[in-house]
Structure formats: C-alpha cells, structure tokens
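Here's the structure we're looking at; comments come further down.
The values are calculated or read from the model by the stated rules, or taken from the named source; none is laboratory data. This is a predicted model, so every value here is computed, not measured. Cβ coordinates were reconstructed from backbone atoms using ideal geometry, including for glycine residues, and neighbour counts include every protein chain displayed. Heads up: the accessible areas ignore ligands, DNA and RNA and are worked out on the full protein's heavy atoms, side chains in. Shrake-Rupley method; radii C 1.70, N 1.55, O 1.52, S 1.80 Å.
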Amino acid sequence: MANATLSDLAESASISSPPSTMEIAKDRVFRGLTRGFAWLTVLVVFLVVYEVATKAMPAISEHGFRFVTSSTWDVQNEEFGVLPEIWGTLYSSLLALLIGGFFGVSIAIFLTQDFLPHRVEWAFKNIVELLAAIPSVVYGLWGIFVVIPMLRPVAGWLHENLGWIPFFKTSLSGPGMLPAALVLSIMILPTVSAISRDALSNVPRKLKEAAFGLGATRWEAIIGVIVPTASTGIFGALVLGFGRALGETMALAMLVGNSNQMSLSLFSPGNTLASLLANHFPEAGEREEPVLMYAALILLAITLLVNICGAFVLKHASARMRGATK
Amino acid sequence: SSTSSSSPGGDSGSAAQNIKLQGSGASFPAPLYGRWFKEYSAATEGVKVDYQAKGSGGGIKDFIGHTVDFAASDAAMNDSEIAQVDDGVVLLPMTAGSVVLAYNLPKLKKPLVLSRDAYSKIFLGKIAKWNDEAITATNEGVDLPDLPVTVVRRADSSGTTFVFTNHLSAISKEFADGPGVGKSVSWPESDKFIAAPKNDGVTATIMQTPGAIGYVEFGFADQAKLPMATLQNAAGKFIEPTLENATAALAGVEMPEDLRAWLPDPTGDNAYPIVSYTWLLCYEKYEDSSKAAALKSLVKWCLHQGQESSAEMGYIPLPENVVATVTEKLESIQ
Amino acid sequence: MIASAKVENDVLANGNGSLLLDCNIENLYYGNFRAVRDSRIPIHRGSITAFIGPSGCGKSSALRCLNRMNDLVRGFRFEGHVHFRGKDIYHAKVDPVAVRRYIGMVFQQPNPFAMSIYNNVAFGLRLNRYRGDIAEKVEKALRGAALWDEVKDKLKNSGLSLSGGQQQRLCIARAIATEPEVLLMDEPCSALDPIATRRIEDLMQELKENYTIAIVTHNLQQAKRVADQTAFMYVDTSGGGRTGYLVEFGETNELFDSPREDATKQYISGEFS
Amino acid sequence: MIASAKVENDVLANGNGSLLLDCNIENLYYGNFRAVRDSRIPIHRGSITAFIGPSGCGKSSALRCLNRMNDLVRGFRFEGHVHFRGKDIYHAKVDPVAVRRYIGMVFQQPNPFAMSIYNNVAFGLRLNRYRGDIAEKVEKALRGAALWDEVKDKLKNSGLSLSGGQQQRLCIARAIATEPEVLLMDEPCSALDPIATRRIEDLMQELKENYTIAIVTHNLQQAKRVADQTAFMYVDTSGGGRTGYLVEFGETNELFDSPREDATKQYISGEFS
Amino acid sequence: MNTAEIATEFSDVDFPRLERSLRHPRTLFSIVLSIGTGVATIIACVPLFSVLIMLIYRGGKKLSLALFTELPPTAFEEGGGFGNAIVGTIVIVSIAAAIAIPVGILTAVFLAEFGPQSKTASIARFCAKTLTGLPSILAGVFAYAAIVLATGGYSAPAGGVALALLMLPTVILTAEESMRMVPVKMKEAAIGMGCTPTQVAWKIVLPTALPGILTGVMLAVARAAGETAPLLFTALFSNYWIFEDGSSQVMEPTASLAVFIYNFSGMPFENQIEMAWAASLILVLMVLTINIIGQIISSRAKVS
Ligand SMILES: Nc1ncnc2c1ncn2[C@@H]1O[C@H](COP(=O)(O)OP(=O)(O)OP(=O)(O)O)[C@@H](O)[C@H]1O
Ligand SMILES: Nc1ncnc2c1ncn2[C@@H]1O[C@H](COP(=O)(O)OP(=O)(O)OP(=O)(O)O)[C@@H](O)[C@H]1O
Ligand SMILES: [Mg+2]
Ligand SMILES: [Mg+2]
Ligand SMILES: O=P([O-])([O-])[O-]
C-alpha cells in the first residue's frame, strides 16, 4: 500500500501506526459516496428541469414567445398566454418583499443590537420564526377569514376617497392582490428576519466597538457600520425571501382571486403562475398539460434568474467588501 | 399502464377480501357519492370505495391516465377524450341535479328574480351594480343595493361550468359567441370576476363576499343556506330551484344509445332551466375481474337503494326508465 | 468626590502634565462576577500610562471604563467614579456617546470598516457633522498616524486591503481624526510583528505631544519603552473569585527598577518578553 | 537525493542528536505566489529548533511542510524535499495521513476537541488502534504535559472548559499521547499570558528528552531561552514579490551573539520583546 | 457632584458637553428609530397570535378524542374525525425524511468537508440553492410524472418524494452551514494527528455540528408537514386508514392533514368546516412541537 514506505520507519516501541488498509478503504468509499450524493442532488435538479422542459416542448414550439405576451387563457380555443400570471407573480412577490423585507430587516436589527434583555430577545426571535411553521393552507384560511374582512372597510375607504391613485382604482370584492401580498409577506418574514439576523449577529464585535469608540450613537453605528457590513447577508435574505414568494402556491390560490387580470390596483384580483398550476394541473388534459408545463418552466426561469442575479450581486459585493477590487 | 391500484396483499385468491375501488372527479355529485360509497363500503364486507372530488376535468384526466378505477363527470366525456382510453369507456348516468345561482345580498328579504336577459348579462360582465335596471325590472319592491356585482366562477375545469355555459349559450347568442361552452371557458376579463376551485370553493367564496353571485350545484347552496335566484325558463315563467321543478325539467329527456343526454334549455312550464345528469365513467375491461364485479354491484346498489337518498340531498332521482337502461348498459363492463 | 474636586483644581492650575482622567474603580462587575476592585489610576495630560499584569487581571476592563465602552456589555456594573477634567463621566446625565467623542479608542485587533481608507478616516468627522474641509482633516490624521505616504495614492481602496500593521495605523488615524483628548489603546501591537510594532511605538511617542494615551500591554518591554507611568494589576484569587486589583502605580522607571510590592517584583522578574 | 541518502546513514548511525528531519525547501508556492525559497533547515533528534523572523516570512509555511499540513491548502506547491529518517515524505507513494501520525503538531490557538478531557487525549490512541491500557497512557501524557494534577478530578469535563493555558497543555498532552517522534509547534504561547508561557517553556525542556521539537515563535527571548538551534528567516521583497528565505541557521547562542548576516543583526538588535 | 454643579460647569466654553439632551438631533434620531423597529417587531408578532387565536377559537371547541380515532365524515354526516390524515401525514413525512435526510447530510459533508472548492461542490451547491426556490407545486408536478404515472396510481411514496424534494435543500444548506461553523482549528488538530478525511468528518465534524444539523432537519420536517400543493397530485387523499386489518395500503391514495384542511375548509357544511379548523389546530400544534424540539436541541447544544 501507499503507506508501506513509511511503516518501516516506525520504531517498534512507538504507538503511532500508519492508517490500516481498512481505514484507507473506508475513507475512499465514504468520500466517493458523498461525492455520489452531491451529484445525485445535481441530478435531481436536472431531472426536474428536464421533465418540465420536455413536457413543455410541444407548447413552446406551438405558442412560442406569444405565450409570454398574450393574456388570454382559453382552453376551448386553445389560446394560451400567461402575461397576467407573470405580472401577478411578480407584483405580489414584490409587494410581499417590500413589506416582509422591511419588517424582517427591522426585526433583525431590533433583535441583534442589544435593545432587549437576552430572554426577551430569544422569545421574540422564536415567535417570529414560528411564523414559518404555519402551513400555507392555514395562512390561506386566515387570509380569508381574518385579513379580507379586516381589509374590506379600509379598502373601501381608500377606493372611495383616493380612487384616482392607480393603486386604489378598483374596489375590493374579497380575494385580491393586497390580501394575497399581505399574507405572502408574513410568510416570507421569518426567512428574511432569520437570515438577516444571522448576518447581523455575525458582524464582528470589533467593528461595532470601533464605531462606538468613535462616539457613534447606537443607530449611527447600525446604519453606518453594522448594516453595511451585513449587507451581503441581508441581501441574500431578501433574495431567498423573494424566491419563496415567487413559488408560494396554496395561500395564493386561496387568496388572489385567480382571475386573469393585469392591474396596478391593489384591490383587484389577479393570478400567479403557481396558483394557475395548482388550479389547472390536476385536470389538465393532453392539450393543456404542455402549456402548463411551459408556464412552470417560466416560473422556474424566473426563480432561477432571481437566484442567479442574487448570487452575482453577492459575489461582487462581497469581493468589494474584502477589498479584493479597487 | 394498468390499474395497479389493486390492494397490495390481495391476489385473486382472496378476491372477496380487500378490494379497493378508487374514484375521482366531479364535485357536483360529491356529497351524494360520498354518502353512497361510505354506506356501501360499510354494508359490504371486503370492499372499500373511495372517491375524491377534484372537478370533472380532473376525474377525466385521472381516468385517461389510469390512476383511478372509475371517475365521475357531469359533462360525461367528449369523443376525443373517449378515444384516448384503450380499455373502452362506459358512461353511466347516476343521478341528476340542478345548477343554481347563489348570491350574497344579506339585506334582501325576498329571493332574487332574474330574467334570462339579466343573468346572461351578469355572466357576460355587462352588469356592474346590483341596482341595474335589468335586475330591478323583475324585482319590484325590492331595495337592491348600490353594490358592485362580483361574479364567482370556477377556477378548475368543471362539469358544473359545462352545464351552466351550455345553458347560457343556448339562451344567449352573445354568450355562445363569446365564452362559449366548455368545462372551462374564457370568462370576460374584469376585476369583478373571481375564481375558486370546486363547487365547495365557489360556495364558500360567495359566502365570504358581499355582492357576489355564482353558480353551484343545488345541494351546496342549500346546505350553506345561501339564497338562490328564481330564474326565467324557456317558457318565460319564473321558476324557483326546487326538486319538483328540476324533476319536471328532466321529464322530457330521451336517452340516446351512449347515454350522453344533455338538456341545455328544458321546455315545459314548470321546468327549472339548468339541470343535468351526472355520469360515472367506467372502463369496459378491467384487468382484475373481481374489481369489475365489485364495481358492477356497487353501481347496482346505487341505482336502487342509493336513489332513495338522492332526493333527500337535493339531487333528482333517476326516472325508472333511465335506471333500466343504465342497468342494462352495466353489463358491458367486464 | 471632595478629594477629586481638590485634585481637579490642581489640574486646572497646572495645565499640561496635570491630572486629566481620574479613574477610581471601587468595584466592577460583569453580572455577579466581580472582575476588578479597588483600583485608582490617575492619568496625566500629555503622558503615556501603561496597564500591565497577567491575563484576566482586568486591564482591559479598567481601560474600557475610561470611555464607557463597557456600557455595551450586558450585566456590566460599575462602582466608583471616573472624572474627566473633573466631571464624572458616569453621572446619570452624561451621554456616553459624548464621552467617547472626547476619549477615543484603538483596539487589539485592527478593525477598519469595510469601506475605503478615506471613508474610514472621515467616518468620525461625518458623525460629528464636521463642516470644514474633510479631505484636509483626513490627510492630517493619516500623516499623524504615519500612514499618509503609504496610502496617499490609494485612498479609495478598501481599508481591509491593507496589511495588519497598516490597518492598525489606519485605526489610529481614524481615532485621532476627530481630535479626541485621550486615546485608549488595548494591546494595539499584539497582532503585529516586531517591525510594525516598532512603528506604532514611535508613533505613540509622537502622539504624546498632542494627546494623552493609556495603553494596555502584555509586553513589559513595551511598557518600559513607551510609558511614563505604569499601573501593575494582579489577580486576587482568595475566596474563590478572580478579582483584579491595582497592586502598584508609579513612574515606569521606578516601578520596574524598584518595585514596592512583592507581587510586582515577582511578575517583572518573571521577565518574559 | 544522493547527498541526503548519505546523511541518512549518518543519522541512523549516530542515534540521538543526529539529523532526524532534513528539510530543504527550494520553492514553496501558494497558487502563483512564491512564499518561501531556498531554505534548508536540518532538525536534529532530541533538540529544539526555533524558527524566527518577521511576520509573513514563511515560518509557519516552512513548519507546516514538515508534516504535510500544507497539503490541505489549495494551490499549495512544494519543490524540494523533506527527509524524515532518510525517507522523503513528499514522495508520491507516501500517504500524508501516515506522516502526520509520526510528526505531531501543536497550534497557535489551543484547539481541544469538543469532548471530554480524557477523550481528547485518548483520541490519538484510539485512532492508532492502541491495544494497551488507554487510561494509563492518558495519565502519562497528561503528566507529561504537566496538566495531570489540575485535571485528574475532572477528566470527564469538556476540554473546552479549561483555561487557555490549560487548553494548550491539553493539546500538547494529546499530541504526545501517541508518542510521535517529532512535535511541531506554531507559536504555541502567543495566546497565553507570561505565567502560562513559562509553564509551556519548562515543559518543552522536559519533552526534549524524548521528543524532537520544532517551534515557531515571534518572541526572540523565547527562542533564546528554549532553542538549541535557531533558523532566522526574512522576506525578500526584491522584484515585487514577498518571498521568505532562510537567512541564517545555527546554534542559538551563536546566532544571537555573533550573527553572520547583517539582516540577522538588524533584526535581533531591533530587540523587541 | 450634583446637577446644578454640572450645569454651571458645562457652561464653560471650551469644556466638553457631556450631558444627554433630547433636543440633540442625533439622540432624537436614535430614539425614534429604536421605537420604530420595536413597534415593527411587535406588529410582526401579531399575525402569529392572530392565527393561533383564530385556530384555538374556531378549532378548539371541536377538539375531542374522536378526531383522532375516526374517519372523515361525508357531506351530511355529523361527527367524524381525521385520524387517517394524521397517520397519513406522519407516513408521508417519514418517507420524505428517510429520503431527504441521508442524501442531504451526505451531500453536505461533501460540500463542507471533502470538496468545498471543487467544481462538483459549486454545481451541487448551486443546485441546492435552486431547489430552495423550487415552487412547491413543481415538486408535485415532478413527482406526479416520475412516480404517479410510473406506478399507476396516487400513493404515499409519491407524496414522500415530492416532499423530499422540498426538504432536501434546507437539509443540505443548513447542514453545510453548521459543518462550516466547526472551527477550522479543531479540524486542523485532527488532521495533524493523522486522521483520514473520513475520520475527521465522522469523529470531529459531524458530532460537533450535530445540533445545527438537527435544527435544519427539524425545520425541513416542519415545512414538509404543512405542504399541500404537491400532495394534491401525488398522495391525493383517502377516506380510509392507511393501515388497517394488519395490511398496509401504502401504494394507495393517502390522506394528509394539509389536504384535509384544504378540502374541508372550502365545504359549505358546518361540521366539515369546524373539522377543518380543528385539523388546522392539530397540524399547527404538531409542526410547532417539531419546531420547538429543534430549537431546544440547538439552544441546549450552544450552551455546552
Ligand atoms: N464581557 C464580559 N463578560 C463577562 N466577563 C468578562 C467580560 N469581559 C471580561 N470578563 C472577565 O473579566 C475578567 C477581566 O477580563 P479583562 O479582559 O479585563 O482582562 P485582561 O487583563 O484584559 O486580560 P487579557 O490580558 O487576557 O486581555 C476576566 O476574568 C474575564 O473573564
Ligand atoms: N493558505 C495560504 N494561501 C495563500 N497565501 C498564504 C497562505 N498561508 C500563508 N500565505 C502567505 O505566505 C506568506 C508566508 O506566510 P506564513 O504564514 O508562513 O508566515 P509567518 O512567518 O508564519 O507569519 P506570521 O508570523 O504572521 O505567522 C505570507 O505572505 C502569507 O500571506
Ligand atoms: Mg485584555
Ligand atoms: Mg505564522
Ligand atoms: O362537478 P364539477 O366539479 O366538475 O363541477
């Protein structure tokens, strides 16, 4: 074996012994195994994409790019377009990101910068993270029975008095963009806050001390030093939260109204790619299935694009932070 | 591809034991089926029947994909769908029911009365407010609110939609030329059209949304205690959606050979205008003969003992002659 | 209090070389743990005071009391007083942020911010809404920290791109940019190699002209080389605790050449480093 | 190769005090960066060899060549040879894992495993499938590291619960439990206070009887105190690079008292620490 | 020194102003922001309590033993339960865990230990990150095509595969993260003693990282237990027990709490709706329990 050249070096009295053949074999096998599993993960993703892409192929060749720009969904006449769904997906996710991101980051700051005693901090952190443990159907129910009735008077007032603003152009009948986005933002809040919290608490203490040592107030230190230092992590949290929002299905299917609408109005019903799939896939026939797969592919592409952009920005930002570039 | 959902332990040896029949499809008759199958399973040793309501379209898809033993649809199956099933298809009408327009106008004391013109306009998105002239004309003395009309439609592919659009297309040329007939059609684009899955979903959404109106199977609205509109029929009469009136509508149907009979616009003075049969979809040939036998005895049970509970749950029991035809047809299953 | 008021009068009379910071730590707790007791260390204007002693004797804790950096530590409790120019900085009405504006700090690990060299130095100026020419102040501070020549061509580069010794000088530049009166340094050279250490020591000698410096060091030679006064702290482990206290304070030469206490003698004759 | 083979024979003949590790670094690269060049450092059995020099001159890099720890670094490339008892440990057929079983290492930061004190020390024994009485060996190693008395009552406690100095001694105990022939130490005392440092130094003197030790230190006094031979490395910045190289190697007294090279003279008269 | 004294002395022109003042814009700014984030935090806790209160209020009154022992009711039936859905959820999630946990942890070992910089690792890591963004519905679509159509029927394993796909990235990424957190110096010590990479992974890295890995696993399990969309077309639902009369019907459609809630919550029948609320309460309690166990494990490990 490879170690033969050294084994004769060992003094007979020494306890040290070179690794046995068994140890070396185990090492090789185990390492091979983990590598195999790593490739398995790759394979799974590849399979998912392949599956969706091949199934979508007929629809892609038939409908082409028109699919992305057209807005009718007519099974009868086989006219398909997902522009309203793409709009709804992006609009609801962006709204959710705006709300969930703001609250998530605020919370992360509040819970890492010694505002509260440890125990209280711990309690709040857990409460916020427990939000992630609530299944999305339950959020859907909560949206229907709590959020919508609560929003109805507010929305009514806004529409009556500020109807000239495009966001309040229509009245809220029930399901709609705003309730969907609100629930969605609560669903991504724990992701955003947990990861931002990690990023913020990983900011070296020495930097914080440096800022305080220069006579910065707590918030000057937070805004001037701590948040910028953690910014890559916070950005990563937002990207992940956005990704979650794009793919969320059930709560949206229950709340968004599933209507092929494209409107800036917060109270108008809309549709998202994921809820389109949820509603149509179970009964999609031979003709409709490729089209749905095409829609799925677009959803996948959007998620992927967001992730890749995120990774790209992160890479550059963190390189700059490390001082690698000028 | 075969119906391999046979019970894992049971081979043909212990055939009498542990047969499971899996079905899926229409939500329209789901409450009735749920009750039938549960009662039948309880009464029959060694046979279990399970049914999942997911909409007629979903049932047909499962049926074509052989992921179930039988399916249910209130639009039966069209020819191209039938062509996709290698093992042959037997369509069996099991019961009938009416589609009603349920609405949420809490302040209304009397039931809403809608002319053909009014309700076809509503579903064409042509009526914005409840106090529109088209509605007030037939509802004298009723204080209709100045509330937007929110239409709740099906999000999934549905037999109920088929029945309803079939009817609307029959009475309104504009509808026939616009959305047309189908299990899912392209409804007018409006922010006042919202969609929900299954009959359950539409019912619940109507309940949650003031000013909403939608089409559901009678039993759902009835159970939910939602008010239902009185509709004008082909004869020009305004008819309440009662079991009696629905039965009257079915009276004039001729059963064709393949048992696919629709009545888009029943005639007759007392006929409630929107009614339909609902079908069980079975294969002609089953690999597992014990399964075929179990299915046959299930259907027989439903056609006889089962019909007794139909009326009780708001469905229309099949006329004698139809029961006879269906029983006969049943024999083609092997 | 009365005593300190008396001292203070002397201070004001004497001007340079007089008592600037009068630190009297009666007790210093972290939670229930008493880390330091009975240490009175007077720091004089324009001098360098070194804190020496074995690890854990509370040198850093004592130093960090002087600009209330310890306020950031949970469970920190302080009994005693620290008079800066006669004012108790632990008085309830005093804003610790203001204190730190006058008493700057340089830490053991160089800790530049993840921003450009220029912005690192300008950070404190901007905090204080400095209205004059920031660029000029930055240059002055960098020259003061003997770093200007090395970085003048790359002020836009990240502060993190500098070497350890340069980073530490950058931190010193950042600290002196706002012209504090006192500079506290907690083992500023321990992460540096001897050559970089020598540069920082030279720098301290220069800074002493304008600033008052207190430095914690493990390195007795360093204390000997740079400090005017030295405070020797030790750990009292009697009664199960580990409480640091001031053993001896005096002129550096005297303390090293003729220590009054046995503990001091032992410690400096253990003569490492 | 031929030369070293000759040396090797001498080694085997001479027994104690003879050449045990013959390290000849022609070039050492990290990626494209040449970190060390032309350094030949012979290490003799039963002696302590110190590596000194300014930060970044490649002391750690050279030391970590001796048991192929550098193999873990991406882009690491080595030209030259390291002969251990005459065999080249960089030979293609040699398993670095085996090398490290014979040449142990103690690191700058104490790094006990997150397990009990006992298991920390027994770890290496179990790894080498030691069949004798493990408890006895553990005790021996802990005594050897002068830690036994302090921990004998709490062998089950986590290794992480000890103080810094104790942790470092625990790491030494762990390293010597398997009785390796060579012990490499990379600044083993830099994280410790003077008192703990003194204990480790005393310990090295004792260990020298049975082991061969190579130590990297920043502390010239420490090198003077403990080392038999000293290697002084320096940085060559000519041509834009920063390549370390061996300036001078010799008996410690000689190197400190009458350095042959100017660079050495300058560096040791810069006499810090 | 009293306040008056301070006041007078602070009037000294060249003397530092040390006193705290609310009029000072910097101080005010700080206070406003502190209050702002505090309020934001409290607002964010409202939904959780709102959901919990709603569940307890609407689902609590229905709680009874029958819920756990009986089968779902049909349309007009009173009573009934969802015992089969609880069992089904446990079975499906167990299948998912049995797939996702070993694959995830071993992949993570490779990513963190054996080839953190390798091409394989960067591709695998990218894929894992991509999977985190995988819409849950697509996991279902994939499992439908790969398992349901291939085996010819809806089944618990099909649901398990779909959920495993959703668990996998969480397990991989959290496990990798916590293995990276193992101090390099500890690993170096082991390598320096002559451990093979496998020995380093098994003896040092995995035990030290265990709490973090467990937290990740718990999070993944909790998420999987609440997923509905993928189950709708993989496990479907069933009105019967998955284990009955000693035989198991794993290859049959299988009930799950999430689908039960989805189905029943939309129904117009009073009994069914109440049942859906009760099921929501039970599901949330189950998930919270798993979550809390995870939290306790990780916080306990941090202390030692
Ligand atoms: N933030 C803290 N919380 C709790 N205890 C602390 C904290 N900081 C320091 N201590 C304890 O207070 C005592 C004094 O610590 P301090 O850091 O002041 O010592 P030191 O003399 O600076 O030591 P060193 O030379 O190692 O830096 C030590 O026992 C230490 O463990
Ligand atoms: N893993 C690595 N990758 C790339 N370059 C490295 C690596 N380790 C060390 N270097 C570089 O090699 C040179 C020598 O480093 P080394 O750590 O050997 O120096 P040293 O003499 O031990 O310094 P110190 O006294 O600071 O520990 C330095 O320029 C360093 O930046
Ligand atoms: Mg200290
Ligand atoms: Mg080094
Ligand atoms: O009965 P449907 O669910 O198809 O309307």
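Can you compute 3J(HN,Hα) from phi for each residue in segment B:76-90, using the Karplus curve 6.51 cos²θ - 1.76 cosθ + 1.60 with θ = phi - 60°, rounded to whole Hz and x for Gly and Pro?
Rounded to whole hertz, the list is 6, 9, 8, 4, 5, 5, 4, 4, 7, 9, 5, 7, x, 10, 10.
In whole Å, what are the extents of segment A:14-143 along the principal axes defined by its C-alpha atoms, from largest to smallest?
84, 52, 24
So, with a 1.4 angstrom probe, what is the percent of accessible area on the protein assembly as shown that is carbon and sulfur?
Numbers: 31660 of 56490 Å².
Of the solvent-accessible surface of the protein assembly as shown, carbon and sulfur hold 56 percent.
Can you compute the modelled spin-label distance between B:SER80 and A:GLU79, with each label point 7 Å from Cα toward Cβ, in nm?
With each label point 7 Å from Cα toward Cβ, the separation is 1.6 nm.
Kindly express, to the nearest 10 degrees and within the range 0 to 90, the angle between helix E:25-60's C-alpha long axis and the longest C-alpha principal axis of chain E.
Roughly 20 degrees between the two axes.
Which residue fluctuates the most in chain B, going by a Gaussian network model with Cα springs under 10 Å, if the choices are B:ALA30, B:ALA293, B:ALA261?
Most flexible of the set in this elastic network: B:ALA293.
Given C-alpha coordinates of segment B:122-237, what is the ratio Rg to Rh with the Kirkwood estimate of Rh?
Working: Rg = 13.9 Å, Rh = 14.9 Å.
Ratio value, two decimals: 0.94.
As a test of the formula, what do you get for the protein assembly as shown when each DSSP H run with n ≥ 4 contributes -39,500 (n - 2.57) and the sum is divided by the residue count, at 222 nm and rounded to the nearest 500 deg cm²/dmol?
On the way: 61 runs with 740 residues, N = 1510.
Counting only the DSSP helices, I get -15500 deg cm²/dmol.
Measure up A:LYS26/D:LYS152; A:LYS206/E:LYS119; A:LYS206/E:LYS203; B:LYS107/B:LYS129; B:LYS126/B:LYS237 against 25 Å on the Cα-Cα distance and list the ones that go over. Spell out each step's value before the answer.
On the way: A:LYS26/D:LYS152 36 Å; A:LYS206/E:LYS119 35 Å; A:LYS206/E:LYS203 33 Å; B:LYS107/B:LYS129 15 Å; B:LYS126/B:LYS237 23 Å.
In this structure, A:LYS26/D:LYS152; A:LYS206/E:LYS119; A:LYS206/E:LYS203 lie more than 25 Å apart at Cα.
What fraction of the DSSP beta bridges in the protein assembly as shown is antiparallel, stated in percent and rounded to the nearest 5?
Restricted to the protein assembly as shown, the bridges split so that about 60 percent are antiparallel.
Could you give the distance between the Cα centres of segment B:93-164 and segment C:33-112, to the whole Å?
Cα centroid of segment B:93-164 versus Cα centroid of segment C:33-112: 78 Å apart.
What percent does the relative contact order of segment E:111-209 come to when contacts are Cα pairs within less than 8 Å and at least six residues apart? If you can, show how the numbers build up before the last one.
Working: 63 pairs, mean separation 30.7, N = 99.
Reported relative contact order: 31 percent.
Using a ≥ b ≥ c from the Cα gyration tensor of segment E:12-137 (square roots of the eigenvalues), is it rounded, prolate or oblate, where a/c under 1.5 gives rounded and otherwise the larger of a/b and b/c decides, a/b for prolate?
Numbers: a/c = 4.37, a/b = 1.40, b/c = 3.12.
Judged from the Cα gyration tensor, segment E:12-137 comes out oblate (a/c at least 1.5, b/c at or above a/b).
What is the mean number of Cβ atoms from other protein chains located within 10 Å of the Cβ atom of each residue in peptide C:45-57, rounded to a whole number? Numbers along the way, then the final one.
On the way: counts 0, 0, 0, 0, 0, 0, 0, 1, 2, 4, 10, 3, 1.
Per residue, the average neighbour count from other chains is 2.
So what's the convex hull volume per residue for the Cα atoms of segment A:182-326, in Å³? Each step should come with its number before you reach the end.
On the way: hull volume 21.6 nm³, N = 145.
Value for segment A:182-326: 149 Å³ per residue.
Taking 51 Å as R0, compute the FRET efficiency from the Cβ-Cβ separation of A:PHE115 and B:GLU189 and round it to 0.05.
Details: r = 49 Å, r/R0 = 0.97.
Efficiency computed from Cβ-Cβ geometry: 0.55.
To the nearest 20 debye, what is the magnitude of the charge dipole of segment E:156-266 about its Cα centre, counting +1 on the Cβ of each Lys and Arg and -1 on the Cβ of each Asp and Glu?
Values: 5 positive and 7 negative charges, 118 e Å.
Dipole of segment E:156-266, to the nearest 20 debye: 560 debye.
May I ask for the angle, rounded to the nearest 10°, between helix B:159-171 and the longest principal axis of chain B, with both axes built from Cα atoms and the value confined to 0 to 90°?
In chain B, helix B:159-171 runs at an angle near 40 degrees to the longest axis.
With a 1.4 Å probe, how much accessible area is buried between chains A and E, both sides summed, in Å² to the nearest hundred? Mind showing how you got there, number by number?
Working: alone 18900 and 17380 Å², together 29570 Å².
Heavy-atom accessible area buried at this interface is about 6700 Å².
Rank C:PRO42, C:PRO188, C:PRO96 by mean-square fluctuation in a GNM of chain C with C-alpha springs under 10 angstrom and give only the top-ranked residue.
Of C:PRO42, C:PRO188, C:PRO96, the Gaussian network model singles out C:PRO96 as fluctuating most.
D:VAL106's amide H: which non-local residues (gap 5+, or another chain) put their own amide H closer than 5 Å, with H modeled 1.01 Å from N in plane and none for Pro or chain starts?
Amide H to amide H, under 5 Å and 5 or more residues apart or across chains, D:VAL106 pairs with D:LEU184, D:MET185, D:ASP186.
Sequence gap at least 6, Cα distance under 8 Å: using those rules, report the relative contact order of segment A:121-192 to the nearest whole percent.
Details: 41 pairs, mean separation 33.5, N = 72.
Rounded, it is 47 percent for segment A:121-192.
How crowded by other chains is C:133-139, given as the mean number of beta carbons from other chains within 10 Å of each beta carbon?
Details: counts 0, 0, 0, 0, 0, 0, 0.
What the average comes to for C:133-139 is 0.
Working from the alpha-carbon coordinates of segment C:40-158, get Rg over Rh, Rh being the Kirkwood radius.
1.01
What percent do you get for the relative contact order of segment B:97-247 when only Cα pairs under 8 Å and 6+ apart count? Each step should come with its number before you reach the end.
Numbers: 268 pairs, mean separation 57.0, N = 151.
Averaging sequence separation for qualifying contacts and normalising by length gives 38 percent for segment B:97-247.
Starting at the first residue of segment D:67-84, write each ³J(HN,Hα) from the Karplus equation 6.51 cos²θ - 1.76 cosθ + 1.60 with θ = phi - 60°, in whole Hz, x for Gly and Pro.
10, 6, 5, 5, 3, 6, 7, 5, x, 5, 9, 10, 10, x, 8, 10, 9, 10
Over the Cα atoms of segment B:216-334, what radius of gyration and what Dmax do you get, in Å?
Cα radius of gyration and Dmax of segment B:216-334 are 16.5, 52 Å respectively.
What is the Cα coordinate range of segment C:107-201 on the first, second and third principal axes, sorted by size from largest, in whole angstrom?
If we take the Cα atoms of segment C:107-201, the spans are 39, 29, 21 Å.
Any idea what the D:GLY75 label distances to the other copies are, label 7 Å down the Cα→Cβ vector, nm, shortest first?
With the label placed 7 Å along Cα→Cβ, D:GLY75 yields 4.3 nm.
To the nearest whole number, what is the average tally of beta carbon atoms from other chains within 10 Å of the beta carbons of peptide C:195-202? Display every interim value, and only then the final one.
Details: counts 6, 2, 5, 3, 0, 0, 1, 0.
Whole-number average of other-chain Cβ neighbours for C:195-202 is 2.
If the cut-off is a Cα-Cα distance under 17 Å, which lysines reach A:LYS125, setting aside same-chain residues fewer than 8 apart in sequence?
E:LYS302
How much length is gained if the chain between B:ASP269 and B:GLU244 is pulled fully straight, taking 0.36 nm per residue apart and subtracting their Cα-Cα distance, in nm to one decimal?
Details: separation 25, 0.36 × 25 = 9.00 nm, distance 1.21 nm.
7.8 nm is the gain from fully extending B:ASP269 to B:GLU244.
What angle do you read, to the nearest 10 degrees and between 0 and 90, between the alpha-carbon axis of helix D:194-207 and the longest principal axis of chain D?
Between the helix axis and the principal axis of chain D, the angle is about 90 degrees.
Estimate the FRET efficiency between D:ARG74 and E:LEU65 by the formula 1/(1 + (r/R0)^6), using the beta-carbon distance for r and 60 Å for R0, to the nearest 0.05.
Working: r = 61 Å, r/R0 = 1.02.
After rounding, the FRET efficiency stands at 0.45.
Collect residues whose amide H, placed 1.01 Å from N in the peptide plane, falls under 5 Å from the amide H of D:LEU20; neighbours closer than 5 in sequence don't count.
Long-range HN contacts for D:LEU20: D:ILE43, D:HIS44, D:ARG45.
For an R0 of 51 angstrom, estimate the FRET efficiency from the Cβ-Cβ distance between A:ALA53 and D:SER158 and round to the nearest 0.05.
Working: r = 53 Å, r/R0 = 1.03.
E(calc), rounded to 0.05, equals 0.45.
Of all alpha-carbon pairs in the protein assembly as shown, indicate the percentage at a distance above 59 angstrom.
Every Cα pair in the protein assembly as shown considered, those over 59 Å come to 36 percent.
Based on the alpha carbons, how large is the Rg to Rh ratio for chain E when Rh follows Kirkwood? Can you show the working numbers first?
Details: Rg = 26.8 Å, Rh = 23.0 Å.
Answer for chain E: 1.16.
With +1 on the Cβ of every Lys and Arg and -1 on the Cβ of every Asp and Glu, and nothing else charged, how large is the dipole of segment B:142-300 about its Cα centre, in debye rounded to the nearest 20? Intermediate values should be presented prior to the final figure.
Values: 13 positive and 20 negative charges, 75 e Å.
The dipole magnitude comes to about 360 debye.
At E:ALA150 and B:ALA176, where each label point lies 7 Å from the Cα along Cα→Cβ, what is the point-to-point distance in nanometres?
4.9
Amide H to amide H under 5 Å from B:THR230: which residues, 5+ apart in sequence or cross-chain, H placed 1.01 Å off N in plane?
B:LEU112, B:VAL113, B:LEU114
Within segment C:157-179, list the residues whose amide N lies under 13 Å from a label point set 7 Å along Cα→Cβ of A:LYS315.
none
Quickly work out the A:LEU264-to-D:GLN221 label distance, labels modelled 7 Å from Cα along the C-beta direction, and quote it in nm with one decimal.
Each label point is offset 7 Å from its Cα along the Cβ direction, giving 7.5 nm.
Lys and Arg at +1, Asp and Glu at -1: add these up for the other residues within a Cβ distance under 15 Å of B:TYR51 and post the number.
Values: positive: B:LYS20, B:ARG35, B:LYS38, B:LYS48, B:LYS54, B:LYS198; negative: B:GLU39, B:ASP50, B:ASP62, B:ASP69, B:ASP74, B:ASP200, E:GLU77, E:GLU252.
It works out to a net charge of -2.
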